[in-house]
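The values are calculated or read from the model by the stated rules, or taken from the named source; none is laboratory data. What you are looking at is a predicted structure, and each value in this text was computed from that prediction instead of being measured. Cβ placement follows ideal geometry from the backbone for every residue including glycine, while neighbour counts extend to all protein chains displayed. The area values use the complete protein model at the heavy-atom level, side chains included, leaving out ligands, DNA and RNA. Shrake-Rupley method; radii C 1.70, N 1.55, O 1.52, S 1.80 Å.
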Amino acid sequence: MDLTAEYPLNELLIGGTEINYLFICPTKLWYFSHGITMEQENEWVDLGRFLHERRYASEEKEVQIGGIKIDFIRKGDTIEVHEVKLGKSMERAHEMQALYYIYYLKRLGIKAKAVLHYPKLNETKEVTLDGREEEVEEAIREVQRVKSLPAPPEPVKSKKCKKCAYYELCWV
Ligand code: SF4
């Protein structure tokens, strides 16, 4: 579903995935933002897609509003942005991505809140922008800084690397 015409975009900022990756690993953000995509080869991503499709089959998914693509939305008094995630180990990254979407929609004059879904855990988490705009703006600036680097930031090994699609680029 493309709601771009309904909510015309004034300005493309950055992608929600880039905000997400900033909080997972700046090296990953750099690779991704330079067009190096290996996600399709990663079984964890495939599992996430499978869960997403099955559990939320009745929702209209992949909603495009301007420059952002949201897993699905529900319309009421306030727009609800819904993001489906596999597990909570990257919860901070998920939350910042959701905050970025709400921030972005606010700039288009759309009042929104977000709900993170963790179907494997049967949990949801509501996210609102209240008092957190500066946090988002700082993250946007940091994404822009990392993207502008001439080479990827030095990788830092962590337990996140095991499930990362870029593992071979960093460590093999
Ligand atoms: S393998 Fe580790 S260091 Fe490399 S991009 Fe992935 S998370 Fe970052």
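None of 121, 129 is surrounded by 14 or more Cβ atoms within 10 Å (Cβ to Cβ) and aliphatic (A, V, I, L, M) except 129.
For residues that are under 13 Å from residue 29 (Cβ atoms) and of a type in the set (Val, Ile, Thr), scanning just the range 132-155, find the one that is surrounded by the most Cβ atoms within 10 Å (Cβ to Cβ). Checked the range 132-155; the qualifying residue surrounded by the most Cβ atoms within 10 Å (Cβ to Cβ) is 143.
Taking first residues from the range 135-146 that are farther than 18 Å from residue 101 by Cβ and partners that are in a helix (DSSP H, G or I) and among the polar types (S, T, N, Q), the Cβ contacts under 9 Å between residues at least 6 apart in sequence or on separate chains come to 146/27; 146/33.
Considering (1) at pLDDT 85 or above; (2) open to solvent by less than 60 Å² (accessible area, probe 1.4 Å); (3) outside any helix (DSSP H, G or I), the lone condition that residue 95 does not fulfil carries the number (3).
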